[in-house]
Amino acid sequence: MLAAFIFSISAGIAQLRSPVIDVTERMNYEYLFNKKIFGENKTMPAEYEKQILTALSYFPELRKTRITFILQKGNSGVIETRPEWFSVFKNSKSRAYIVFIGDSSSRYTPRFMFRNSPVNGQVGIIGHELTHILYFSKKNTFGLLNTGISHVSRSYMDNFENKTDSVCIERGLGYQLIDWNIYLRKAFGMPDPENGPDPFFTDTTKERYMSPARIRQVMKKSKVYSQFH
């Protein structure tokens with residue numbers, strides 16, 4: 001499978017990866033290859049380099065995209081992505097992005113830390129952010145600015161993040177998203193982390209980020225995960 005993936009990359013084909021329940025073995029085995037192929041134009045904190053490179057391997061279209069991953073300490077959020085400001089006005093191929101990884105979630109109660117989440121989950125949430133970049137990379141300047149303005153709409157954001165999860169799942173990172181969301185809900189002390197609502201949003205009438213149970217439903221209907229059905 002790796003040989004086929006290497007061939008597809010060398011041939012310039014954006015081939016999707018096969019999903020795995022736990023990505024840890026793949027992450028360690030492919031580290032040097034991933035660093036050589038997907039490390040171009042990437043700035044990463046050393047402690048999360050393997051996780052970032054593994055997530056990037058699910059998005060071969062971003063192989064040459066300039067992305068800076070910044071580890072934030074102190075009173076920070078969890079993880080968020082945005083284009084570098086001045087690059088918004090460049091064409092999509094010249095654009096650069098920043099992914100902020102909040103190592104301490106001290107703005108929330110209870111506090112929890114990104115570093116305490118399972119490796120599988122870390123790859124999943126990084127993949128979610130890369131899905132944002134994939135979306136941004138297909139927008140021209142006007143479209144990107146319009147997307148930024150639309151972020152003030154709660155209904156738009158509900159749909160935007162839910163769709164992002166859907167695309168990330170289809171990329172093969174469904175199990176990784178499940179692990180991240182279970183960790184998050186356990187960190188907030190939810191008695192049923194499988195079905196619990198997103199802990200950051202009190203409005204339970206709409207699901208912004210998919211619950212683990214919802215992710216499993218999407219995976220069950222997807223051909224990408226047919227080997228696990």
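The values are calculated or read from the model by the stated rules, or taken from the named source; none is laboratory data. Just so it is clear, the structure is predicted and the values come from calculations on it, not from any experiment. Using ideal geometry, Cβ is built from the backbone for each residue, glycine included, and neighbour counts are taken over all protein chains shown.
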Residue in segment 198-218 that is under 22 Å from Y48 (Cβ atoms), of a type outside the set (S, T, N, Q) and either modelled with pLDDT of 90 or more or in contact with a helix residue (DSSP H, G or I) (Cβ under 8 Å, 6 or more places away or on another chain) (or both) present: yes
Only one of D192, D165, D158 that is surrounded by fewer than 19 Cβ atoms within 10 Å (Cβ to Cβ) and touching a residue at least 12 places away in the same chain (Cβ under 8 Å): D158
Long-range neighbours under 7 Å by Cβ, at least six apart or interchain, first residue within 17 Å of F100 (Cβ to Cβ) within segment 53-70, second charged (D, E, K, R) and surrounded by fewer than 22 Cβ atoms within 10 Å (Cβ to Cβ): I67/K42
Residues (in a strand (DSSP E or B), modelled with pLDDT under 90 and either within 14 Å of the chain's Cα centre (by Cα) or within 20 Å of R63 (Cβ to Cβ) (or both)) located in segment 75-100: I79, E80
Hits in segment 38-74 - residues which are surrounded by fewer than 22 Cβ atoms within 10 Å (Cβ to Cβ), more than 15 Å from the chain's Cα centre (by Cα) and assigned to a helix (DSSP H, G or I): A46, E47
Qualifying residue in segment 134-155 (condition: at pLDDT 95 or above and either in a helix (DSSP H, G or I) or of a type outside the set (A, V, I, L, M, F, W, C) (or both)): yes
Residues that are charged (D, E, K, R) and more than 11 Å from the chain's Cα centre (by Cα), drawn from segment 162-190: K163, E170, D179, R185, K186
